[in-house]
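Student: Quick one: this structure, given as structure tokens, is what I'll be asking you about.
The values are calculated or read from the model by the stated rules, or taken from the named source; none is laboratory data. Values in this document were obtained by computation on a predicted structure and should not be read as measured data. Cβ sites come from the backbone with ideal geometry, for glycine too, and all protein chains shown count toward neighbours.
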Amino acid sequence: MKIIIFLVAVFLLLWLLRGGATRRKPPRPPAAGSAAEPQPMLACAKCGVHLPRDDALPGRGGVFCSEAHRTAFERSASNDR
């Protein structure tokens, strides 16, 4: 009787381990509104920090990481003339 209980316990353990590996949840699709493809990274013309293209601010002389850097760069460029 002990052997039967032992075999049943081993069978249940193997069944649970095997079933857990095959019944995993499928990966969730990307959230709505998130980019499906990675964006190119651009360097700020003032400080060189890299940021995604959609976050970069265009200006005279390149792209910038913030409004302050764009303003400072444009002021220094106009003073150089």
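Student: Could you tell me which residue of segment 69-81 is modelled with the lowest pLDDT, considering only residues that are of a type outside the set (S, T, N, Q) and either closer than 11 Å to Ala43 by Cα or surrounded by fewer than 11 Cβ atoms within 10 Å (Cβ to Cβ) (or both)?
Tutor: Here the answer is Arg81.
Student: Further, regarding this structure: Would you mind stating whether Lys25 is in a loop (DSSP other than H, G, I, E, B) and at pLDDT below 90?
Tutor: So Lys25 fits the description; yes.
Student: So, one more: Out of (1) modelled with pLDDT under 90; (2) within 36 Å of the chain's Cα centre (by Cα), the odd one out for Met41 is which?
Tutor: All conditions pass for Met41, except number (1).
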